[in-house]
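The values are calculated or read from the model by the stated rules, or taken from the named source; none is laboratory data. Not measured: the values here are computed from a predicted model. All Cβ positions, even for glycine, are placed from backbone atoms using ideal geometry, and neighbour counts span all protein chains on display. The accessibility values were calculated without ligands, DNA or RNA, using every heavy atom of the protein model including side chains. Shrake-Rupley method; radii C 1.70, N 1.55, O 1.52, S 1.80 Å.
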Amino acid sequence: MNGYNLWCIIFTCFGAFFYGYDSGLTTSIIAYPEFIEYYGFNSVTLGALGSSYYAGQTIGSLANFWIPDRFGRLWSVRFACVIGLLGCGMQTGAQGLGVLLAGRAIGGFSCGLIFALCPLYASEMSPPHVRGRVGGLYRQLSVNVNVSYAITEWMGLGISYLSGDVKFRVFLGLQLLVAVLMLVGSIWMPESPRWLAAHGRPDEALAILKRLHGTDVHHEPGASNSDKDEPAEAVPFYQREFNQIESQIQLEREQGNYGVWTIFSRPSYRKRLYIALFYYFFQQATGVIPLQNYQTILYSLLGLTGKMPLILVGVWGTAGTIVSIIGASLFDKLGRRKSFFISITGVIVGSVMLVIFWARFEAGGNTSETLGALAVFSMFVFLCGFGWIMNAFAYTYPPEILPTDIRATGMALGFGIKMAWIICLVQVTPIAIESISWKYFLVFIFLDVIFLLGVYFYFPETMNTPLEEIARLFGDDVAVTLDEAGGKGNRNEEPETKDDVEMLENVRGTTQQETKS
(Lines give C-alpha, C1' and ligand atoms only; values in the text may rest on other atoms or scores of the structure.)
Protein backbone atom coordinates (compact mmCIF):
# COMPACT_ATOMS: atom_id res chain seq x y z
CA MET A 1 0.00 0.00 0.00
CA ASN A 2 1.63 3.26 -1.13
CA GLY A 3 1.58 6.65 0.55
CA TYR A 4 -1.31 8.07 -1.48
CA ASN A 5 -3.49 5.02 -0.74
CA LEU A 6 -2.72 5.40 2.96
CA TRP A 7 -3.67 9.08 2.87
CA CYS A 8 -6.98 8.26 1.17
CA ILE A 9 -7.82 5.61 3.75
CA ILE A 10 -6.95 7.96 6.61
CA PHE A 11 -9.25 10.57 5.07
CA THR A 12 -12.19 8.16 4.85
CA CYS A 13 -11.52 7.01 8.39
CA PHE A 14 -11.76 10.61 9.54
CA GLY A 15 -15.45 10.32 8.73
CA ALA A 16 -15.74 8.36 11.96
CA PHE A 17 -15.02 11.59 13.84
CA PHE A 18 -18.49 12.81 12.81
CA TYR A 19 -20.06 10.07 14.89
CA GLY A 20 -17.40 9.92 17.56
CA TYR A 21 -17.50 13.58 18.49
CA ASP A 22 -21.23 14.15 18.01
CA SER A 23 -22.16 11.08 20.08
CA GLY A 24 -19.37 11.41 22.62
CA LEU A 25 -20.29 14.94 23.61
CA THR A 26 -23.78 13.81 24.62
CA THR A 27 -22.34 11.44 27.21
CA SER A 28 -20.51 14.28 28.98
CA ILE A 29 -22.81 17.21 28.33
CA ILE A 30 -25.77 15.66 30.16
CA ALA A 31 -23.60 15.74 33.30
CA TYR A 32 -23.47 19.58 33.14
CA PRO A 33 -26.10 21.01 35.54
CA GLU A 34 -26.15 24.26 33.51
CA PHE A 35 -27.08 22.39 30.33
CA ILE A 36 -29.88 20.44 32.03
CA GLU A 37 -31.28 23.56 33.71
CA TYR A 38 -31.02 25.85 30.66
CA TYR A 39 -33.20 23.60 28.50
CA GLY A 40 -35.29 22.15 31.35
CA PHE A 41 -34.53 18.48 30.67
CA ASN A 42 -36.37 15.60 32.35
CA SER A 43 -36.15 11.83 31.75
CA VAL A 44 -38.39 12.07 28.65
CA THR A 45 -36.78 15.10 26.97
CA LEU A 46 -33.33 13.79 27.85
CA GLY A 47 -34.18 10.74 25.79
CA ALA A 48 -35.41 13.05 23.02
CA LEU A 49 -31.98 14.73 22.92
CA GLY A 50 -30.49 11.41 21.87
CA SER A 51 -33.36 10.10 19.77
CA SER A 52 -33.60 13.28 17.64
CA TYR A 53 -29.93 12.94 16.75
CA TYR A 54 -30.25 9.25 15.92
CA ALA A 55 -33.48 9.85 14.00
CA GLY A 56 -31.50 12.17 11.77
CA GLN A 57 -28.81 9.52 11.50
CA THR A 58 -31.40 6.97 10.42
CA ILE A 59 -32.62 9.18 7.58
CA GLY A 60 -29.04 10.01 6.62
CA SER A 61 -28.10 6.36 6.57
CA LEU A 62 -31.09 5.49 4.39
CA ALA A 63 -30.11 8.32 2.02
CA ASN A 64 -27.25 6.05 0.99
CA PHE A 65 -29.85 4.12 -0.99
CA TRP A 66 -29.56 6.73 -3.71
CA ILE A 67 -27.10 9.59 -3.16
CA PRO A 68 -23.72 7.74 -3.33
CA ASP A 69 -24.75 5.63 -6.33
CA ARG A 70 -26.19 8.63 -8.18
CA PHE A 71 -23.56 11.28 -7.46
CA GLY A 72 -20.54 9.22 -6.45
CA ARG A 73 -18.87 8.54 -3.12
CA LEU A 74 -16.76 11.71 -3.03
CA TRP A 75 -19.48 14.29 -3.76
CA SER A 76 -21.73 12.58 -1.21
CA VAL A 77 -19.06 13.14 1.44
CA ARG A 78 -18.86 16.84 0.53
CA PHE A 79 -22.65 17.20 0.66
CA ALA A 80 -22.71 15.63 4.14
CA CYS A 81 -20.05 18.07 5.38
CA VAL A 82 -22.07 21.10 4.26
CA ILE A 83 -25.23 19.78 5.96
CA GLY A 84 -23.16 19.11 9.09
CA LEU A 85 -22.08 22.76 9.25
CA LEU A 86 -25.73 23.85 9.22
CA GLY A 87 -26.72 21.47 12.01
CA CYS A 88 -23.79 22.46 14.17
CA GLY A 89 -24.59 26.16 13.83
CA MET A 90 -28.16 25.56 14.98
CA GLN A 91 -27.05 23.55 18.02
CA THR A 92 -24.43 26.07 19.09
CA GLY A 93 -26.73 29.08 19.00
CA ALA A 94 -29.94 27.36 20.16
CA GLN A 95 -31.93 29.50 22.60
CA GLY A 96 -34.68 26.93 23.08
CA LEU A 97 -35.04 23.16 23.23
CA GLY A 98 -36.85 22.97 19.88
CA VAL A 99 -33.98 24.54 17.92
CA LEU A 100 -31.45 22.41 19.79
CA LEU A 101 -33.29 19.19 18.90
CA ALA A 102 -33.74 20.30 15.27
CA GLY A 103 -30.02 21.03 15.04
CA ARG A 104 -29.23 17.62 16.52
CA ALA A 105 -31.49 15.98 13.92
CA ILE A 106 -29.85 17.84 11.01
CA GLY A 107 -26.39 17.06 12.37
CA GLY A 108 -27.50 13.46 12.73
CA PHE A 109 -28.55 13.33 9.08
CA SER A 110 -25.09 14.52 8.03
CA CYS A 111 -23.42 11.99 10.31
CA GLY A 112 -25.65 9.13 9.15
CA LEU A 113 -24.87 9.81 5.50
CA ILE A 114 -21.12 10.07 5.91
CA PHE A 115 -20.76 7.40 8.59
CA ALA A 116 -22.46 4.73 6.48
CA LEU A 117 -20.68 5.86 3.32
CA CYS A 118 -17.06 6.04 4.47
CA PRO A 119 -16.59 2.32 5.30
CA LEU A 120 -17.70 1.20 1.85
CA TYR A 121 -15.68 4.01 0.26
CA ALA A 122 -12.59 2.82 2.17
CA SER A 123 -13.20 -0.84 1.29
CA GLU A 124 -13.45 0.03 -2.41
CA MET A 125 -10.04 1.71 -2.31
CA SER A 126 -8.20 -0.86 -0.14
CA PRO A 127 -6.16 -3.86 -1.32
CA PRO A 128 -7.64 -7.12 0.05
CA HIS A 129 -4.85 -8.02 2.48
CA VAL A 130 -5.33 -4.83 4.56
CA ARG A 131 -9.14 -4.41 4.50
CA GLY A 132 -9.44 -5.78 8.03
CA ARG A 133 -6.94 -3.25 9.29
CA VAL A 134 -8.77 -0.54 7.36
CA GLY A 135 -12.03 -1.54 9.06
CA GLY A 136 -10.12 -1.37 12.31
CA LEU A 137 -8.54 1.94 11.37
CA TYR A 138 -12.02 3.33 10.90
CA ARG A 139 -12.41 2.95 14.63
CA GLN A 140 -8.96 2.65 16.08
CA LEU A 141 -6.32 5.21 15.11
CA SER A 142 -6.09 8.99 15.42
CA VAL A 143 -8.89 9.41 12.89
CA ASN A 144 -11.46 7.03 14.32
CA VAL A 145 -14.40 6.87 16.64
CA ASN A 146 -12.64 5.43 19.67
CA VAL A 147 -10.00 8.13 19.69
CA SER A 148 -12.62 10.80 19.01
CA TYR A 149 -14.68 9.42 21.90
CA ALA A 150 -11.65 9.57 24.16
CA ILE A 151 -10.75 13.11 23.10
CA THR A 152 -14.35 14.26 23.38
CA GLU A 153 -14.87 12.73 26.78
CA TRP A 154 -11.69 14.20 28.25
CA MET A 155 -12.68 17.52 26.69
CA GLY A 156 -15.99 17.16 28.49
CA LEU A 157 -14.12 17.03 31.79
CA GLY A 158 -11.96 20.03 30.92
CA ILE A 159 -14.80 22.16 29.55
CA SER A 160 -16.85 21.42 32.68
CA TYR A 161 -14.65 23.95 34.52
CA LEU A 162 -15.96 26.83 32.34
CA SER A 163 -18.83 28.86 33.72
CA GLY A 164 -22.42 29.35 32.64
CA ASP A 165 -23.78 28.35 29.24
CA VAL A 166 -20.39 29.00 27.63
CA LYS A 167 -19.31 25.47 28.49
CA PHE A 168 -21.96 23.64 26.51
CA ARG A 169 -21.96 26.12 23.60
CA VAL A 170 -18.20 25.70 23.15
CA PHE A 171 -18.60 21.93 23.39
CA LEU A 172 -21.34 21.88 20.74
CA GLY A 173 -19.61 24.44 18.51
CA LEU A 174 -16.43 22.42 18.11
CA GLN A 175 -18.38 20.02 15.87
CA LEU A 176 -17.73 22.60 13.12
CA LEU A 177 -14.05 21.72 13.06
CA VAL A 178 -14.66 18.11 12.01
CA ALA A 179 -16.87 19.04 9.04
CA VAL A 180 -14.51 21.80 7.86
CA LEU A 181 -11.43 19.57 7.96
CA MET A 182 -13.13 16.80 6.01
CA LEU A 183 -14.56 19.20 3.44
CA VAL A 184 -11.14 20.73 2.79
CA GLY A 185 -9.43 17.32 2.72
CA SER A 186 -11.81 16.09 0.02
CA ILE A 187 -10.01 18.32 -2.50
CA TRP A 188 -7.20 15.74 -2.73
CA MET A 189 -9.41 12.64 -2.72
CA PRO A 190 -10.23 10.42 -5.74
CA GLU A 191 -13.59 8.97 -6.67
CA SER A 192 -14.10 5.27 -5.94
CA PRO A 193 -12.61 3.28 -8.88
CA ARG A 194 -15.35 0.65 -8.53
CA TRP A 195 -18.05 3.33 -8.78
CA LEU A 196 -16.35 4.79 -11.87
CA ALA A 197 -16.07 1.35 -13.52
CA ALA A 198 -19.72 0.62 -12.80
CA HIS A 199 -20.73 3.96 -14.37
CA GLY A 200 -18.91 3.54 -17.67
CA ARG A 201 -15.72 5.44 -16.86
CA PRO A 202 -13.06 2.68 -17.05
CA ASP A 203 -10.10 4.87 -18.00
CA GLU A 204 -10.59 7.04 -14.91
CA ALA A 205 -11.00 3.93 -12.76
CA LEU A 206 -7.75 2.43 -14.05
CA ALA A 207 -5.85 5.67 -13.51
CA ILE A 208 -7.05 5.88 -9.90
CA LEU A 209 -6.26 2.21 -9.21
CA LYS A 210 -2.76 2.78 -10.57
CA ARG A 211 -2.29 5.76 -8.29
CA LEU A 212 -3.72 3.90 -5.28
CA HIS A 213 -2.05 0.51 -5.70
CA GLY A 214 0.81 1.13 -8.09
CA THR A 215 4.47 1.56 -7.16
CA ASP A 216 7.63 2.87 -8.78
CA VAL A 217 9.82 0.03 -7.50
CA HIS A 218 10.32 -2.61 -10.21
CA HIS A 219 12.18 -5.87 -10.56
CA GLU A 220 15.00 -5.93 -13.03
CA PRO A 221 14.07 -7.82 -16.21
CA GLY A 222 14.68 -11.50 -15.76
CA ALA A 223 15.15 -11.18 -11.99
CA SER A 224 13.79 -13.91 -9.74
CA ASN A 225 10.60 -13.40 -7.74
CA SER A 226 11.91 -15.61 -4.90
CA ASP A 227 10.14 -18.96 -4.87
CA LYS A 228 6.75 -17.66 -5.92
CA ASP A 229 6.93 -19.07 -9.47
CA GLU A 230 5.97 -15.69 -10.91
CA PRO A 231 7.21 -14.51 -14.32
CA ALA A 232 9.56 -11.53 -14.21
CA GLU A 233 7.41 -9.49 -16.58
CA ALA A 234 3.95 -10.17 -15.09
CA VAL A 235 0.95 -7.84 -15.01
CA PRO A 236 0.99 -5.46 -12.00
CA PHE A 237 -1.53 -5.84 -9.20
CA TYR A 238 -3.56 -2.72 -9.98
CA GLN A 239 -4.05 -3.91 -13.59
CA ARG A 240 -5.21 -7.36 -12.44
CA GLU A 241 -7.55 -5.70 -9.98
CA PHE A 242 -9.00 -3.47 -12.71
CA ASN A 243 -9.50 -6.43 -15.06
CA GLN A 244 -11.24 -8.36 -12.31
CA ILE A 245 -13.56 -5.43 -11.45
CA GLU A 246 -14.54 -4.90 -15.10
CA SER A 247 -15.08 -8.61 -15.70
CA GLN A 248 -17.24 -9.05 -12.61
CA ILE A 249 -19.41 -6.04 -13.44
CA GLN A 250 -19.84 -7.31 -17.01
CA LEU A 251 -20.75 -10.81 -15.80
CA GLU A 252 -23.35 -9.50 -13.35
CA ARG A 253 -24.92 -7.33 -16.03
CA GLU A 254 -25.03 -10.20 -18.52
CA GLN A 255 -26.78 -12.32 -15.89
CA GLY A 256 -29.28 -9.54 -15.28
CA ASN A 257 -27.95 -9.13 -11.77
CA TYR A 258 -27.37 -5.43 -11.60
CA GLY A 259 -29.25 -2.92 -9.50
CA VAL A 260 -31.16 -2.86 -6.24
CA TRP A 261 -33.97 -5.07 -7.56
CA THR A 262 -31.47 -7.92 -7.87
CA ILE A 263 -31.86 -8.42 -4.12
CA PHE A 264 -35.40 -9.69 -4.64
CA SER A 265 -34.57 -12.02 -7.52
CA ARG A 266 -31.27 -13.57 -6.44
CA PRO A 267 -31.16 -15.76 -3.29
CA SER A 268 -27.41 -15.32 -2.78
CA TYR A 269 -27.80 -11.52 -2.74
CA ARG A 270 -30.61 -11.80 -0.21
CA LYS A 271 -28.44 -14.02 1.97
CA ARG A 272 -25.60 -11.51 1.90
CA LEU A 273 -27.98 -8.70 2.79
CA TYR A 274 -29.62 -10.70 5.61
CA ILE A 275 -26.21 -11.37 7.15
CA ALA A 276 -25.29 -7.67 7.03
CA LEU A 277 -28.62 -6.59 8.55
CA PHE A 278 -28.43 -9.30 11.20
CA TYR A 279 -25.06 -7.99 12.32
CA TYR A 280 -26.10 -4.35 12.55
CA PHE A 281 -29.24 -5.20 14.52
CA PHE A 282 -27.56 -7.45 17.05
CA GLN A 283 -24.48 -5.27 17.41
CA GLN A 284 -26.72 -2.66 19.02
CA ALA A 285 -28.70 -5.34 20.87
CA THR A 286 -25.60 -5.88 23.03
CA GLY A 287 -26.64 -2.80 25.05
CA VAL A 288 -23.56 -0.74 24.22
CA ILE A 289 -25.53 2.50 23.73
CA PRO A 290 -27.32 2.38 27.11
CA LEU A 291 -23.99 1.76 28.85
CA GLN A 292 -22.00 4.29 26.87
CA ASN A 293 -24.42 7.20 26.47
CA TYR A 294 -25.81 7.07 29.99
CA GLN A 295 -22.74 5.95 31.88
CA THR A 296 -22.66 9.13 33.98
CA ILE A 297 -26.16 8.28 35.24
CA LEU A 298 -25.08 4.69 35.97
CA TYR A 299 -21.96 5.82 37.83
CA SER A 300 -24.11 8.08 40.02
CA LEU A 301 -26.56 5.26 40.75
CA LEU A 302 -23.63 3.02 41.73
CA GLY A 303 -22.41 5.48 44.35
CA LEU A 304 -19.96 7.78 42.52
CA THR A 305 -20.23 11.54 42.99
CA GLY A 306 -18.54 14.84 42.12
CA LYS A 307 -16.22 14.87 39.08
CA MET A 308 -15.61 11.11 39.26
CA PRO A 309 -18.35 10.20 36.72
CA LEU A 310 -16.79 12.60 34.17
CA ILE A 311 -13.31 11.22 34.88
CA LEU A 312 -14.55 7.66 34.28
CA VAL A 313 -16.15 8.78 31.03
CA GLY A 314 -12.67 9.84 29.89
CA VAL A 315 -11.17 6.58 31.11
CA TRP A 316 -13.89 4.71 29.20
CA GLY A 317 -12.92 6.36 25.94
CA THR A 318 -9.21 5.82 26.50
CA ALA A 319 -9.57 2.17 27.49
CA GLY A 320 -11.79 1.51 24.48
CA THR A 321 -9.18 2.99 22.17
CA ILE A 322 -6.34 0.88 23.58
CA VAL A 323 -8.31 -2.37 23.37
CA SER A 324 -9.52 -1.54 19.86
CA ILE A 325 -6.01 -0.88 18.57
CA ILE A 326 -4.92 -4.32 19.79
CA GLY A 327 -7.96 -6.01 18.26
CA ALA A 328 -7.52 -4.22 14.93
CA SER A 329 -3.84 -5.15 14.71
CA LEU A 330 -4.80 -8.83 14.95
CA PHE A 331 -7.93 -8.67 12.78
CA ASP A 332 -6.22 -9.79 9.57
CA LYS A 333 -4.23 -12.47 11.43
CA LEU A 334 -6.97 -14.05 13.54
CA GLY A 335 -9.63 -13.64 10.87
CA ARG A 336 -13.15 -12.27 11.07
CA ARG A 337 -14.80 -15.14 12.94
CA LYS A 338 -12.21 -15.72 15.66
CA SER A 339 -12.00 -12.00 16.35
CA PHE A 340 -15.76 -11.79 16.70
CA PHE A 341 -15.97 -14.70 19.15
CA ILE A 342 -13.33 -13.09 21.36
CA SER A 343 -15.35 -9.88 21.31
CA ILE A 344 -18.77 -11.39 22.07
CA THR A 345 -17.32 -13.44 24.92
CA GLY A 346 -16.17 -10.27 26.67
CA VAL A 347 -19.54 -8.63 26.06
CA ILE A 348 -21.52 -11.52 27.58
CA VAL A 349 -19.20 -11.96 30.57
CA GLY A 350 -19.27 -8.21 31.33
CA SER A 351 -23.06 -8.04 31.00
CA VAL A 352 -23.63 -10.99 33.34
CA MET A 353 -21.21 -9.54 35.91
CA LEU A 354 -22.93 -6.13 35.76
CA VAL A 355 -26.37 -7.63 36.40
CA ILE A 356 -25.13 -9.73 39.31
CA PHE A 357 -23.15 -7.00 41.10
CA TRP A 358 -25.72 -4.28 40.46
CA ALA A 359 -28.52 -6.49 41.79
CA ARG A 360 -26.49 -7.27 44.93
CA PHE A 361 -25.64 -3.56 45.36
CA GLU A 362 -29.30 -2.61 45.13
CA ALA A 363 -30.41 -5.43 47.45
CA GLY A 364 -27.97 -4.13 50.08
CA GLY A 365 -29.55 -0.69 50.08
CA ASN A 366 -27.06 0.90 47.65
CA THR A 367 -24.49 1.25 50.43
CA SER A 368 -21.73 -1.27 49.57
CA GLU A 369 -18.83 0.57 47.94
CA THR A 370 -17.26 -2.78 47.00
CA LEU A 371 -20.31 -4.02 45.09
CA GLY A 372 -20.70 -0.63 43.44
CA ALA A 373 -17.06 -0.69 42.33
CA LEU A 374 -17.43 -4.25 41.00
CA ALA A 375 -20.49 -3.21 38.99
CA VAL A 376 -18.49 -0.34 37.48
CA PHE A 377 -15.61 -2.75 36.77
CA SER A 378 -18.10 -5.01 34.96
CA MET A 379 -18.97 -2.14 32.64
CA PHE A 380 -15.31 -1.93 31.67
CA VAL A 381 -15.15 -5.70 31.09
CA PHE A 382 -18.05 -5.22 28.67
CA LEU A 383 -16.18 -2.33 27.06
CA CYS A 384 -13.06 -4.44 26.48
CA GLY A 385 -15.14 -7.15 24.82
CA PHE A 386 -17.10 -4.77 22.62
CA GLY A 387 -14.13 -2.59 21.80
CA TRP A 388 -11.98 -5.56 20.75
CA ILE A 389 -13.50 -5.80 17.28
CA MET A 390 -17.28 -5.35 17.41
CA ASN A 391 -17.20 -1.93 15.77
CA ALA A 392 -14.39 -2.65 13.32
CA PHE A 393 -16.27 -5.78 12.23
CA ALA A 394 -19.28 -3.64 11.30
CA TYR A 395 -17.17 -1.46 9.01
CA THR A 396 -15.25 -4.33 7.44
CA TYR A 397 -17.46 -7.39 7.03
CA PRO A 398 -20.72 -6.03 5.52
CA PRO A 399 -18.91 -3.97 2.82
CA GLU A 400 -16.85 -7.09 2.04
CA ILE A 401 -19.75 -9.47 1.51
CA LEU A 402 -22.04 -7.06 -0.36
CA PRO A 403 -21.45 -6.90 -4.17
CA THR A 404 -20.68 -3.55 -5.80
CA ASP A 405 -24.17 -2.90 -7.19
CA ILE A 406 -25.92 -3.24 -3.81
CA ARG A 407 -23.07 -2.27 -1.48
CA ALA A 408 -24.34 1.28 -0.86
CA THR A 409 -27.93 0.00 -0.53
CA GLY A 410 -26.93 -2.71 1.93
CA MET A 411 -24.91 -0.28 4.04
CA ALA A 412 -27.80 2.19 3.99
CA LEU A 413 -30.23 -0.47 5.23
CA GLY A 414 -27.76 -1.75 7.80
CA PHE A 415 -27.06 1.65 9.27
CA GLY A 416 -30.73 2.53 9.06
CA ILE A 417 -31.62 -0.51 11.18
CA LYS A 418 -28.77 0.25 13.55
CA MET A 419 -29.86 3.85 14.05
CA ALA A 420 -33.54 2.97 14.40
CA TRP A 421 -32.56 0.53 17.15
CA ILE A 422 -30.47 3.23 18.81
CA ILE A 423 -33.40 5.67 18.75
CA CYS A 424 -35.44 3.19 20.78
CA LEU A 425 -32.60 2.60 23.20
CA VAL A 426 -31.68 6.23 23.87
CA GLN A 427 -35.33 7.15 24.35
CA VAL A 428 -36.31 4.37 26.76
CA THR A 429 -33.03 3.85 28.67
CA PRO A 430 -33.40 6.77 31.15
CA ILE A 431 -36.95 5.65 31.88
CA ALA A 432 -36.00 1.94 32.09
CA ILE A 433 -33.07 2.57 34.44
CA GLU A 434 -35.31 4.67 36.66
CA SER A 435 -38.06 2.02 36.68
CA ILE A 436 -36.37 -1.43 36.64
CA SER A 437 -32.62 -0.69 37.00
CA TRP A 438 -30.48 -3.83 36.46
CA LYS A 439 -33.35 -5.97 35.14
CA TYR A 440 -33.25 -3.89 31.94
CA PHE A 441 -29.90 -5.45 30.98
CA LEU A 442 -31.18 -9.04 31.19
CA VAL A 443 -32.78 -8.47 27.77
CA PHE A 444 -29.40 -7.72 26.21
CA ILE A 445 -27.81 -10.89 27.60
CA PHE A 446 -30.52 -13.01 25.96
CA LEU A 447 -30.02 -11.21 22.62
CA ASP A 448 -26.22 -11.66 22.87
CA VAL A 449 -26.66 -15.44 22.87
CA ILE A 450 -28.73 -15.25 19.67
CA PHE A 451 -26.05 -13.00 18.17
CA LEU A 452 -23.30 -15.52 18.93
CA LEU A 453 -25.23 -18.45 17.45
CA GLY A 454 -26.15 -16.53 14.29
CA VAL A 455 -22.54 -15.63 13.52
CA TYR A 456 -21.33 -19.15 14.31
CA PHE A 457 -23.70 -20.83 11.87
CA TYR A 458 -24.09 -18.32 9.03
CA PHE A 459 -21.05 -16.02 8.72
CA PRO A 460 -18.29 -17.30 6.37
CA GLU A 461 -14.65 -16.25 6.78
CA THR A 462 -13.65 -13.50 4.31
CA MET A 463 -10.14 -12.61 5.44
CA ASN A 464 -7.80 -11.55 2.58
CA THR A 465 -10.34 -12.47 -0.12
CA PRO A 466 -10.67 -9.92 -2.98
CA LEU A 467 -14.07 -8.20 -3.03
CA GLU A 468 -14.97 -9.67 -6.43
CA GLU A 469 -14.03 -13.23 -5.34
CA ILE A 470 -16.18 -13.18 -2.20
CA ALA A 471 -19.09 -14.00 -4.53
CA ARG A 472 -17.83 -17.61 -4.59
CA LEU A 473 -18.48 -17.95 -0.83
CA PHE A 474 -22.18 -17.42 -1.51
CA GLY A 475 -22.44 -19.67 -4.56
CA ASP A 476 -22.18 -16.92 -7.19
CA ASP A 477 -19.96 -16.98 -10.27
CA VAL A 478 -16.63 -15.17 -10.28
CA ALA A 479 -15.72 -13.79 -13.70
CA VAL A 480 -11.96 -14.09 -13.18
CA THR A 481 -9.59 -14.47 -10.24
CA LEU A 482 -6.73 -12.04 -9.76
CA ASP A 483 -4.32 -14.54 -11.34
CA GLU A 484 -6.61 -15.09 -14.33
CA ALA A 485 -7.09 -11.32 -14.67
CA GLY A 486 -3.39 -11.03 -15.43
CA GLY A 487 -3.87 -12.94 -18.66
CA LYS A 488 -6.45 -10.58 -20.16
CA GLY A 489 -5.75 -7.80 -22.61
CA ASN A 490 -4.71 -4.83 -20.52
CA ARG A 491 -4.38 -1.08 -20.74
CA ASN A 492 -0.93 0.28 -19.88
CA GLU A 493 0.68 -3.00 -18.85
CA GLU A 494 3.76 -2.66 -16.66
CA PRO A 495 6.06 -5.22 -15.04
CA GLU A 496 4.85 -6.70 -11.79
CA THR A 497 6.56 -5.25 -8.74
CA LYS A 498 7.70 -6.74 -5.46
CA ASP A 499 4.74 -5.14 -3.67
CA ASP A 500 2.35 -6.63 -6.24
CA VAL A 501 3.76 -10.11 -5.65
CA GLU A 502 3.41 -9.76 -1.88
CA MET A 503 -0.16 -8.58 -2.28
CA LEU A 504 -1.07 -11.53 -4.46
CA GLU A 505 0.66 -13.99 -2.16
CA ASN A 506 -1.43 -12.78 0.78
CA VAL A 507 -4.56 -13.46 -1.25
CA ARG A 508 -3.37 -16.84 -2.54
CA GLY A 509 -2.32 -18.00 0.89
CA THR A 510 -5.79 -17.39 2.24
CA THR A 511 -7.44 -19.09 -0.74
CA GLN A 512 -5.26 -22.18 -0.28
CA GLN A 513 -6.15 -22.37 3.42
CA GLU A 514 -9.87 -22.16 2.58
CA THR A 515 -9.47 -24.90 -0.02
CA LYS A 516 -7.73 -27.21 2.47
CA SER A 517 -10.41 -26.63 5.09
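For the reader, a short list of remarks on this structure follows.
- Within segment 24-45, the set of residues being assigned to a helix (DSSP H, G or I), within 22 Å of Tyr161 (Cα to Cα) and touching a helix residue (DSSP H, G or I) at 6+ places or on another chain (Cβ under 7 Å) comprises Gly24, Leu25, Thr26, Thr27, Ser28, Ile29, Glu34, Phe35, Tyr39.
- Identity of the residue in segment 262-299, more than 21 Å from Leu453 (Cα to Cα), touching a Pro at 6+ places or on another chain (Cβ under 9 Å) and hydroxyl-bearing (Ser, Thr, Tyr), that ends up modelled with the highest pLDDT: Tyr299
- Contacts under 8 angstrom Cβ, first residue in segment 118-131 being modelled with pLDDT under 65 and in a helix (DSSP H, G or I), partner open to solvent by 10 Å² or more (accessible area, probe 1.4 Å) and of a type in the set (D, E, K, R), 6 or more apart: His129/Asp332; Val130/Asp332; Arg131/Asp332
- Just so you know, in segment 63-118 the residues that are more than 27 Å from Arg201 (Cα to Cα) and of a type in the set (Ser, Thr, Tyr) include one that is surrounded by the fewest Cβ atoms within 10 Å (Cβ to Cβ), and it is Thr92.
- Inspection of segment 389-409 identifies no residue that is assigned to a helix (DSSP H, G or I), open to solvent by 10 Å² or more (accessible area, probe 1.4 Å) and among the hydrophobic types (A, V, I, L, M, F, W, C).
- Condition check for Ser142: open to solvent by 10 Å² or more (accessible area, probe 1.4 Å), modelled with pLDDT under 80 and small (Gly, Ala, Ser): yes
- The condition of being touching an Asp or Glu at 6+ places or on another chain (Cβ under 8 Å) and closer than 27 Å to Pro430 by Cβ holds for only one of Ile289, Ile344, Ile311, Ile356, that being Ile344.
- Residue match in segment 291-310 (condition: farther than 20 Å from Ile36 by Cα and within 17 Å of the chain's Cα centre (by Cα)): no
- Candidates Phe451, Phe446, Phe459, Phe474 - the one that is farther than 30 Å from Phe41 by Cα, open to solvent by 60 Å² or more (accessible area, probe 1.4 Å) and at pLDDT 80 or above: Phe446
- For the residues Ser268, Ser329, the requirement of being more than 30 Å from Ala31 (Cα to Cα), surrounded by fewer than 17 Cβ atoms within 10 Å (Cβ to Cβ) and touching an Asp or Glu at 6+ places or on another chain (Cβ under 6 Å) singles out Ser268.
- The set of residues from segment 386-421 being more than 21 Å from Phe331 (Cβ to Cβ) and within 12 Å of the chain's Cα centre (by Cα) is empty.
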